[in-house]
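These notes are about the structure you will find just below.
The values are calculated or read from the model by the stated rules, or taken from the named source; none is laboratory data. Owing to the predicted nature of the structure, the values given are computational and were not obtained by experimental measurement. Here the Cβ is made from the backbone with ideal geometry for all residues, glycine too, and neighbour counts use every protein chain on show. All accessible areas refer to the heavy atoms of the entire protein, side chains included, with ligands and DNA or RNA removed. Shrake-Rupley method; radii C 1.70, N 1.55, O 1.52, S 1.80 Å.
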Amino acid sequence: MIILAIETSCDETAIAILKDKKILSNIISSQIKIHAKWGGVVPSLAKREHIKNLPIVLKKSLREAKILNSKFQIPKIDLIAVTIGPGLEPALWTGINFAQELAKKWKKPIIAINHMEGHVVASLLNSKFKIQNSKFVKFPALALLVSGGHTELVFMKKLLDYKIIGSTLDDAAGEAFDKVAKMLGLPYPGGPIVAKLAEEKITAPFTLPRPMINSKNYDFSFSGLKTAVLYKLKELPAESRKLKAEFCYEFQQAVIDVLVSKTIRAAKEYKIKTIILGGGVAANEELRKQLGEAVKKNVPRCALLVPRHEFTGDNAAMIALVAYFRKNQFTNPENLKANGNLKLE
Ligand code: KG4
Ligand code: ZN
(Lines give C-alpha, C1' and ligand atoms only; values in the text may rest on other atoms or scores of the structure.)
(Ligands and ions follow the chains in the order given, each with its own letter.)
Protein backbone atom coordinates (compact mmCIF):
# COMPACT_ATOMS: atom_id res chain seq x y z
CA MET A 1 0.00 0.00 0.00
CA ILE A 2 1.55 3.29 -1.13
CA ILE A 3 -0.11 6.57 -0.13
CA LEU A 4 0.72 9.98 -1.57
CA ALA A 5 -0.39 12.81 0.76
CA ILE A 6 -0.82 16.48 -0.03
CA GLU A 7 -1.03 19.28 2.55
CA THR A 8 -1.59 22.96 1.68
CA SER A 9 -3.77 24.26 4.52
CA CYS A 10 -1.59 27.22 5.43
CA ASP A 11 1.89 28.33 4.38
CA GLU A 12 3.70 25.03 3.81
CA THR A 13 3.39 23.16 0.53
CA ALA A 14 3.96 19.56 1.61
CA ILE A 15 3.87 16.15 -0.06
CA ALA A 16 4.78 12.86 1.63
CA ILE A 17 4.80 9.24 0.57
CA LEU A 18 4.01 6.39 2.92
CA LYS A 19 4.71 2.80 1.95
CA ASP A 20 3.21 0.15 4.21
CA LYS A 21 4.16 1.57 7.59
CA LYS A 22 7.07 3.79 6.65
CA ILE A 23 7.38 7.37 5.43
CA LEU A 24 9.60 7.23 2.32
CA SER A 25 9.66 10.97 1.70
CA ASN A 26 8.38 14.02 3.51
CA ILE A 27 9.01 17.18 1.47
CA ILE A 28 8.01 20.58 2.82
CA SER A 29 8.42 23.83 0.96
CA SER A 30 7.92 26.65 3.43
CA GLN A 31 6.64 30.07 2.38
CA ILE A 32 7.65 31.73 5.64
CA LYS A 33 10.06 34.17 4.00
CA ILE A 34 7.33 35.46 1.68
CA HIS A 35 4.71 35.96 4.43
CA ALA A 36 7.18 37.29 7.04
CA LYS A 37 7.34 40.59 5.15
CA TRP A 38 3.60 41.02 5.81
CA GLY A 39 3.77 39.91 9.45
CA GLY A 40 1.48 36.91 8.86
CA VAL A 41 0.12 34.56 6.21
CA VAL A 42 -1.52 36.33 3.24
CA PRO A 43 -4.06 33.86 1.74
CA SER A 44 -3.74 35.08 -1.87
CA LEU A 45 0.05 34.81 -1.73
CA ALA A 46 -0.19 31.37 -0.12
CA LYS A 47 -2.44 30.22 -2.96
CA ARG A 48 -0.07 31.55 -5.63
CA GLU A 49 2.95 29.91 -3.99
CA HIS A 50 1.21 26.54 -3.50
CA ILE A 51 0.25 26.45 -7.18
CA LYS A 52 3.85 27.19 -8.14
CA ASN A 53 5.40 24.79 -5.62
CA LEU A 54 3.12 21.73 -5.84
CA PRO A 55 4.59 20.22 -9.04
CA ILE A 56 8.14 20.81 -7.78
CA VAL A 57 7.42 19.32 -4.36
CA LEU A 58 5.70 16.33 -6.02
CA LYS A 59 8.70 15.62 -8.21
CA LYS A 60 11.06 15.83 -5.24
CA SER A 61 8.85 13.61 -3.14
CA LEU A 62 8.51 10.92 -5.83
CA ARG A 63 12.22 11.01 -6.53
CA GLU A 64 13.20 10.72 -2.90
CA ALA A 65 10.78 7.83 -2.37
CA LYS A 66 12.16 6.11 -5.50
CA ILE A 67 8.76 4.98 -6.65
CA LEU A 68 8.71 6.33 -10.19
CA ASN A 69 7.85 3.68 -12.72
CA SER A 70 10.51 4.25 -15.39
CA LYS A 71 8.45 2.79 -18.25
CA PHE A 72 5.22 4.68 -17.82
CA GLN A 73 6.24 7.46 -15.52
CA ILE A 74 3.15 6.70 -13.47
CA PRO A 75 4.19 6.24 -9.88
CA LYS A 76 3.13 3.12 -8.01
CA ILE A 77 0.64 4.97 -5.84
CA ASP A 78 -2.44 3.20 -4.46
CA LEU A 79 -4.24 6.23 -3.13
CA ILE A 80 -4.02 9.98 -2.79
CA ALA A 81 -4.75 11.77 0.50
CA VAL A 82 -5.43 15.48 0.65
CA THR A 83 -6.14 17.95 3.44
CA ILE A 84 -9.58 19.55 2.98
CA GLY A 85 -9.65 21.63 6.20
CA PRO A 86 -9.43 23.35 8.55
CA GLY A 87 -7.21 26.10 7.16
CA LEU A 88 -7.22 28.90 4.61
CA GLU A 89 -9.72 27.98 1.91
CA PRO A 90 -7.82 29.46 -1.07
CA ALA A 91 -4.77 27.47 0.08
CA LEU A 92 -6.76 24.27 0.70
CA TRP A 93 -8.30 24.44 -2.78
CA THR A 94 -4.86 24.37 -4.44
CA GLY A 95 -4.10 21.01 -2.80
CA ILE A 96 -7.57 19.67 -3.60
CA ASN A 97 -7.38 20.69 -7.26
CA PHE A 98 -3.92 19.20 -7.55
CA ALA A 99 -5.10 15.93 -5.97
CA GLN A 100 -8.08 15.82 -8.36
CA GLU A 101 -5.78 16.25 -11.39
CA LEU A 102 -3.44 13.49 -10.20
CA ALA A 103 -6.32 11.15 -9.38
CA LYS A 104 -7.70 11.60 -12.86
CA LYS A 105 -4.35 11.21 -14.59
CA TRP A 106 -3.25 8.19 -12.56
CA LYS A 107 -6.75 6.73 -12.03
CA LYS A 108 -6.36 6.53 -8.25
CA PRO A 109 -8.85 7.03 -5.40
CA ILE A 110 -8.78 10.01 -3.07
CA ILE A 111 -9.24 10.29 0.68
CA ALA A 112 -10.19 13.66 2.21
CA ILE A 113 -8.28 14.38 5.41
CA ASN A 114 -8.84 16.66 8.40
CA HIS A 115 -5.62 18.58 9.14
CA MET A 116 -6.15 18.44 12.92
CA GLU A 117 -6.44 14.66 12.81
CA GLY A 118 -2.98 14.77 11.25
CA HIS A 119 -1.69 16.65 14.28
CA VAL A 120 -3.31 14.04 16.56
CA VAL A 121 -1.55 11.07 14.95
CA ALA A 122 1.79 12.79 14.21
CA SER A 123 3.36 11.46 17.41
CA LEU A 124 2.84 7.89 16.20
CA LEU A 125 5.80 8.31 13.83
CA ASN A 126 8.99 7.02 15.43
CA SER A 127 12.65 7.88 14.83
CA LYS A 128 12.78 5.54 11.81
CA PHE A 129 9.78 7.38 10.34
CA LYS A 130 7.71 4.25 10.91
CA ILE A 131 4.22 4.05 12.35
CA GLN A 132 4.12 2.69 15.87
CA ASN A 133 1.73 -0.16 16.38
CA SER A 134 -1.59 1.48 17.27
CA LYS A 135 -1.81 -0.80 20.33
CA PHE A 136 0.96 1.47 21.56
CA VAL A 137 -1.71 4.02 22.48
CA LYS A 138 -3.74 3.06 25.53
CA PHE A 139 -7.29 4.44 25.58
CA PRO A 140 -8.99 6.58 26.65
CA ALA A 141 -6.54 9.14 25.31
CA LEU A 142 -6.50 12.92 25.42
CA ALA A 143 -4.95 15.07 22.69
CA LEU A 144 -3.74 18.58 23.43
CA LEU A 145 -3.66 20.25 20.01
CA VAL A 146 -1.84 23.57 19.87
CA SER A 147 -1.28 25.24 16.53
CA GLY A 148 -1.54 28.62 14.83
CA GLY A 149 -5.28 28.26 14.30
CA HIS A 150 -6.38 25.87 17.06
CA THR A 151 -6.10 25.11 20.76
CA GLU A 152 -8.14 22.05 21.63
CA LEU A 153 -8.42 19.31 24.19
CA VAL A 154 -9.77 16.23 22.45
CA PHE A 155 -11.06 13.13 24.23
CA MET A 156 -10.53 9.86 22.36
CA LYS A 157 -12.38 6.75 23.49
CA LYS A 158 -10.60 4.85 20.75
CA LEU A 159 -8.45 5.50 17.69
CA LEU A 160 -10.08 7.97 15.23
CA ASP A 161 -12.92 8.75 17.64
CA TYR A 162 -12.93 12.37 18.78
CA LYS A 163 -14.86 14.54 21.20
CA ILE A 164 -13.66 18.10 21.68
CA ILE A 165 -13.94 18.82 25.41
CA GLY A 166 -12.35 22.25 25.29
CA SER A 167 -11.19 24.81 22.77
CA THR A 168 -10.13 28.42 22.57
CA LEU A 169 -12.82 31.06 22.78
CA ASP A 170 -10.67 33.54 20.84
CA ASP A 171 -6.99 33.37 19.81
CA ALA A 172 -5.19 30.06 19.44
CA ALA A 173 -1.98 29.52 21.44
CA GLY A 174 0.26 29.79 18.35
CA GLU A 175 -1.60 32.87 17.20
CA ALA A 176 -0.94 34.49 20.60
CA PHE A 177 2.79 33.70 20.24
CA ASP A 178 2.72 35.30 16.78
CA LYS A 179 0.84 38.42 17.92
CA VAL A 180 2.96 38.99 21.02
CA ALA A 181 6.11 38.62 18.91
CA LYS A 182 4.77 41.27 16.56
CA MET A 183 4.13 43.65 19.49
CA LEU A 184 7.72 43.10 20.59
CA GLY A 185 8.97 43.89 17.09
CA LEU A 186 10.00 40.27 16.51
CA PRO A 187 9.55 38.56 13.11
CA TYR A 188 6.83 36.11 11.98
CA PRO A 189 6.32 33.32 12.95
CA GLY A 190 6.58 34.42 16.56
CA GLY A 191 6.62 31.02 18.30
CA PRO A 192 10.21 29.97 17.62
CA ILE A 193 11.70 33.42 18.32
CA VAL A 194 9.68 33.99 21.52
CA ALA A 195 10.76 30.51 22.68
CA LYS A 196 14.39 31.33 21.88
CA LEU A 197 14.35 34.57 23.91
CA ALA A 198 12.46 32.85 26.74
CA GLU A 199 15.32 30.34 26.96
CA GLU A 200 17.36 33.09 28.62
CA LYS A 201 14.97 32.72 31.59
CA ILE A 202 15.10 36.39 32.61
CA THR A 203 12.33 36.86 35.18
CA ALA A 204 10.10 39.85 34.45
CA PRO A 205 9.37 42.43 37.19
CA PHE A 206 5.64 41.80 36.58
CA THR A 207 3.28 38.88 36.12
CA LEU A 208 0.83 38.35 33.28
CA PRO A 209 -2.60 36.73 33.73
CA ARG A 210 -3.16 32.97 33.28
CA PRO A 211 -6.58 33.30 31.57
CA MET A 212 -9.25 30.79 32.57
CA ILE A 213 -6.77 28.66 34.50
CA ASN A 214 -9.31 28.17 37.29
CA SER A 215 -12.45 28.00 35.16
CA LYS A 216 -14.37 24.74 35.59
CA ASN A 217 -14.47 23.94 31.88
CA TYR A 218 -11.65 22.98 29.50
CA ASP A 219 -11.86 26.05 27.27
CA PHE A 220 -9.02 28.48 26.71
CA SER A 221 -8.73 32.19 25.99
CA PHE A 222 -5.49 33.85 24.97
CA SER A 223 -6.72 37.17 23.68
CA GLY A 224 -6.75 38.76 27.18
CA LEU A 225 -3.18 37.63 27.73
CA LYS A 226 -2.17 39.29 24.49
CA THR A 227 -3.93 42.52 25.56
CA ALA A 228 -2.20 42.35 28.96
CA VAL A 229 1.13 42.27 27.10
CA LEU A 230 0.02 45.28 25.06
CA TYR A 231 -0.83 47.33 28.20
CA LYS A 232 2.36 46.29 29.97
CA LEU A 233 4.35 47.37 26.93
CA LYS A 234 2.87 50.85 27.24
CA GLU A 235 4.23 51.08 30.79
CA LEU A 236 7.47 49.30 30.06
CA PRO A 237 8.43 49.66 26.39
CA ALA A 238 10.56 46.60 25.67
CA GLU A 239 13.22 48.29 23.64
CA SER A 240 16.24 46.35 24.86
CA ARG A 241 16.87 42.72 24.17
CA LYS A 242 16.79 42.02 27.90
CA LEU A 243 13.32 43.52 28.27
CA LYS A 244 12.06 41.58 25.26
CA ALA A 245 13.45 38.40 26.82
CA GLU A 246 11.60 39.17 30.07
CA PHE A 247 8.31 39.58 28.22
CA CYS A 248 8.88 36.37 26.25
CA TYR A 249 9.72 34.35 29.36
CA GLU A 250 6.68 35.52 31.32
CA PHE A 251 4.30 35.26 28.34
CA GLN A 252 5.46 31.75 27.40
CA GLN A 253 5.15 30.61 31.02
CA ALA A 254 1.61 32.01 31.23
CA VAL A 255 0.60 30.01 28.13
CA ILE A 256 2.30 26.85 29.40
CA ASP A 257 0.74 27.14 32.88
CA VAL A 258 -2.76 27.25 31.39
CA LEU A 259 -2.18 24.47 28.85
CA VAL A 260 -0.55 22.13 31.36
CA SER A 261 -3.01 22.80 34.17
CA LYS A 262 -6.10 22.12 32.02
CA THR A 263 -4.58 19.05 30.40
CA ILE A 264 -3.72 17.48 33.74
CA ARG A 265 -7.15 18.26 35.18
CA ALA A 266 -8.86 16.70 32.15
CA ALA A 267 -6.54 13.67 32.33
CA LYS A 268 -7.62 13.09 35.92
CA GLU A 269 -11.32 13.64 35.33
CA TYR A 270 -11.51 11.43 32.24
CA LYS A 271 -9.14 8.75 33.64
CA ILE A 272 -6.88 9.20 30.64
CA LYS A 273 -4.22 6.57 29.89
CA THR A 274 -2.34 8.42 27.12
CA ILE A 275 -1.86 12.15 26.58
CA ILE A 276 -0.95 13.14 23.02
CA LEU A 277 0.61 16.50 22.19
CA GLY A 278 0.35 17.87 18.64
CA GLY A 279 0.54 20.99 16.46
CA GLY A 280 3.11 23.68 15.70
CA VAL A 281 3.35 24.87 19.33
CA ALA A 282 4.32 21.29 20.30
CA ALA A 283 7.78 22.29 19.03
CA ASN A 284 8.12 24.40 22.19
CA GLU A 285 10.78 22.67 24.34
CA GLU A 286 9.61 24.24 27.57
CA LEU A 287 6.02 23.08 26.96
CA ARG A 288 7.25 19.55 26.20
CA LYS A 289 9.40 19.53 29.33
CA GLN A 290 6.86 21.02 31.72
CA LEU A 291 4.01 18.88 30.44
CA GLY A 292 6.25 15.82 30.86
CA GLU A 293 7.07 16.79 34.45
CA ALA A 294 3.44 17.52 35.29
CA VAL A 295 2.31 14.15 33.88
CA LYS A 296 4.94 12.30 35.94
CA LYS A 297 3.97 14.15 39.09
CA ASN A 298 0.17 14.20 38.80
CA VAL A 299 -0.87 11.30 36.57
CA PRO A 300 2.17 8.99 36.73
CA ARG A 301 0.39 6.04 35.11
CA CYS A 302 -0.49 8.09 32.07
CA ALA A 303 1.83 7.90 29.04
CA LEU A 304 2.78 11.07 27.15
CA LEU A 305 3.27 10.98 23.38
CA VAL A 306 5.08 13.94 21.86
CA PRO A 307 5.73 14.27 18.12
CA ARG A 308 9.28 14.32 16.79
CA HIS A 309 10.30 17.86 15.89
CA GLU A 310 9.93 17.28 12.13
CA PHE A 311 6.27 16.38 12.68
CA THR A 312 5.18 19.26 14.96
CA GLY A 313 4.63 21.91 12.28
CA ASP A 314 2.56 21.34 9.16
CA ASN A 315 3.69 18.38 7.06
CA ALA A 316 2.13 15.79 4.78
CA ALA A 317 3.56 12.74 6.59
CA MET A 318 0.87 13.15 9.24
CA ILE A 319 -1.77 13.41 6.50
CA ALA A 320 -0.51 10.15 4.96
CA LEU A 321 -0.72 8.56 8.38
CA VAL A 322 -4.40 9.47 8.80
CA ALA A 323 -5.06 8.04 5.33
CA TYR A 324 -3.31 4.83 6.40
CA PHE A 325 -5.76 4.48 9.30
CA ARG A 326 -8.71 5.42 7.07
CA LYS A 327 -7.60 3.61 3.94
CA ASN A 328 -11.04 2.49 2.81
CA GLN A 329 -12.85 5.77 3.29
CA PHE A 330 -12.66 7.10 -0.27
CA THR A 331 -14.32 10.34 -1.35
CA ASN A 332 -15.68 10.96 -4.81
CA PRO A 333 -13.07 13.38 -6.26
CA GLU A 334 -15.84 15.56 -7.66
CA ASN A 335 -17.36 16.03 -4.20
CA LEU A 336 -14.18 17.29 -2.58
CA LYS A 337 -14.62 20.71 -1.05
CA ALA A 338 -12.36 22.90 1.08
CA ASN A 339 -13.78 23.63 4.52
CA GLY A 340 -11.84 26.28 6.42
CA ASN A 341 -13.70 25.47 9.65
CA LEU A 342 -13.79 21.68 9.44
CA LYS A 343 -14.22 20.16 12.92
CA LEU A 344 -12.69 16.97 14.26
CA GLU A 345 -15.89 15.43 15.54
O1 KG4 B 1 0.55 23.52 13.22
P2 KG4 B 1 1.20 24.71 12.62
O3 KG4 B 1 2.50 24.52 11.90
O4 KG4 B 1 0.22 25.44 11.66
C5 KG4 B 1 -1.13 25.51 11.88
O6 KG4 B 1 -1.82 24.48 11.63
O7 KG4 B 1 -1.56 26.56 12.38
O8 KG4 B 1 1.42 25.78 13.81
C9 KG4 B 1 2.03 27.00 13.58
C10 KG4 B 1 2.14 27.76 14.89
C11 KG4 B 1 2.59 29.21 14.71
O12 KG4 B 1 1.70 30.05 15.39
C13 KG4 B 1 3.97 29.23 15.33
O14 KG4 B 1 4.33 30.48 15.90
C15 KG4 B 1 3.86 28.16 16.38
O16 KG4 B 1 3.11 27.15 15.76
N17 KG4 B 1 5.16 27.64 16.82
C18 KG4 B 1 5.61 27.72 18.10
C19 KG4 B 1 6.92 27.19 18.10
N20 KG4 B 1 7.22 26.78 16.82
C21 KG4 B 1 6.12 27.07 16.06
N22 KG4 B 1 5.03 28.21 19.21
C23 KG4 B 1 5.75 28.17 20.35
N24 KG4 B 1 7.00 27.68 20.43
C25 KG4 B 1 7.63 27.18 19.35
N26 KG4 B 1 8.85 26.68 19.44
ZN1 ZN C 1 -1.21 22.67 11.57
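Here is how the numbers come out for the structure above:
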| read-out | value |
| --- | --- |
| Odd one out for Thr83 among (1) assigned to a helix (DSSP H, G or I); (2) within 14 Å of ligand 1 (Cβ to nearest atom) | (1) |
| Which numbered condition His150 misses (of (1) within 17 Å of Gln253 (Cβ to Cβ); (2) within 16 Å of ligand 2 (Cβ to nearest atom); (3) out of contact with any Lys or Arg (no Cβ under 6 Å at 6 or more places or on another chain)) | (1) |
| Residues that are crowded, with 17+ Cβ neighbours inside 10 Å and either closer than 22 Å to Glu12 by Cα or within 16 Å of ligand 2 (Cβ to nearest atom) (or both), drawn from region 64-74 | Ala65 |
| Residue within region 3-11 that is over 16 Å from the mean Cα position of the chain (by Cα) and within 19 Å of Ala122 (Cα to Cα) present | yes |
| Qualifying residue in region 269-283 (condition: more than 16 Å from ligand 2 (Cβ to nearest atom) and within 21 Å of the chain's Cα centre (by Cα)) | yes |
| Scope region 281-299; condition buried (at least 24 other Cβ atoms within 10 Å of the Cβ) and either among the aliphatic types (A, V, I, L, M) or assigned to a helix (DSSP H, G or I) (or both); matching residues | Val281, Ala282 |
| Failed condition for Ile276, given (1) open to solvent by less than 20 Å² (accessible area, probe 1.4 Å); (2) of a type outside the set (Asp, Glu); (3) part of a helix (DSSP H, G or I) | (3) |
| Residue in region 153-163 that is in contact with a Ser or Thr (Cβ under 7 Å, 6 or more places away or on another chain) and modelled with pLDDT under 95 present | yes |
| Some residue of region 88-100 being open to solvent by 30 Å² or more (accessible area, probe 1.4 Å), more than 17 Å from Leu321 (Cβ to Cβ), under 15 Å from the mean Cα position of the chain (by Cα) and within 16 Å of ligand 2 (Cβ to nearest atom) | yes |
| Test: residue in region 242-253 that is open to solvent by 50 Å² or more (accessible area, probe 1.4 Å) and not polar (S, T, N, Q) | yes |
| Condition met for Leu169 (away from ligand 2 (no atom under 16 Å from the Cβ) and over 30 Å from Gln253 (Cβ atoms)) | no |
| Matching option when the condition is more than 16 Å from ligand 2 (Cβ to nearest atom), assigned to a loop (DSSP other than H, G, I, E, B), open to solvent by less than 10 Å² (accessible area, probe 1.4 Å) and touching a Lys or Arg at 6+ places or on another chain (Cβ under 9 Å), among Ile111, Ile77 | Ile77 |
| Among the residues listed as Lys196, Lys135, the single one being more than 16 Å from ligand 2 (Cβ to nearest atom), closer than 23 Å to Arg326 by Cβ, without any contact (Cβ under 8 Å) to a residue 60 or more places away in the chain and outside any loop (DSSP other than H, G, I, E, B) | Lys135 |
| Scan of region 264-287 for residues that are within 16 Å of ligand 1 (Cβ to nearest atom) and touching a strand residue (DSSP E or B) at 6+ places or on another chain (Cβ under 7 Å), ordered by number | Ile276, Leu277, Gly278, Gly279, Val281, Ala282 |
| Phe139 away from ligand 1 (no atom under 14 Å from the Cβ) and either buried (at least 24 other Cβ atoms within 10 Å of the Cβ) or modelled with pLDDT of 95 or more (or both) | yes |
| Unique residue being in contact with a Pro (Cβ under 9 Å, 6 or more places away or on another chain), away from ligand 2 (no atom under 16 Å from the Cβ) and aliphatic (A, V, I, L, M) when the list is Met156, Met116 | Met156 |
| Filtered residues of region 119-128 (kept if touching a Leu at 6+ places or on another chain (Cβ under 8 Å) and either open to solvent by 40 Å² or more (accessible area, probe 1.4 Å) or within 12 Å of ligand 2 (Cβ to nearest atom) (or both)) | His119, Val120, Ala122 |
| Wholly enclosed strands (runs of 3 or more DSSP E) of region 1-58 bearing at least 2 residues open to solvent by 10 Å² or more (accessible area, probe 1.4 Å) and within 16 Å of ligand 2 (Cβ to nearest atom) | 22-30 |
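For (1) closer than 26 Å to Ile23 by Cβ; (2) open to solvent by 50 Å² or more (accessible area, probe 1.4 Å); (3) within 14 Å of ligand 1 (Cβ to nearest atom), each residue gets a yes or a no:
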position	(1), (2), (3)
Leu160	yes, no, no
Gly166	no, no, no
Lys196	no, yes, yes
Glu200	no, yes, no
Phe222	no, no, yes
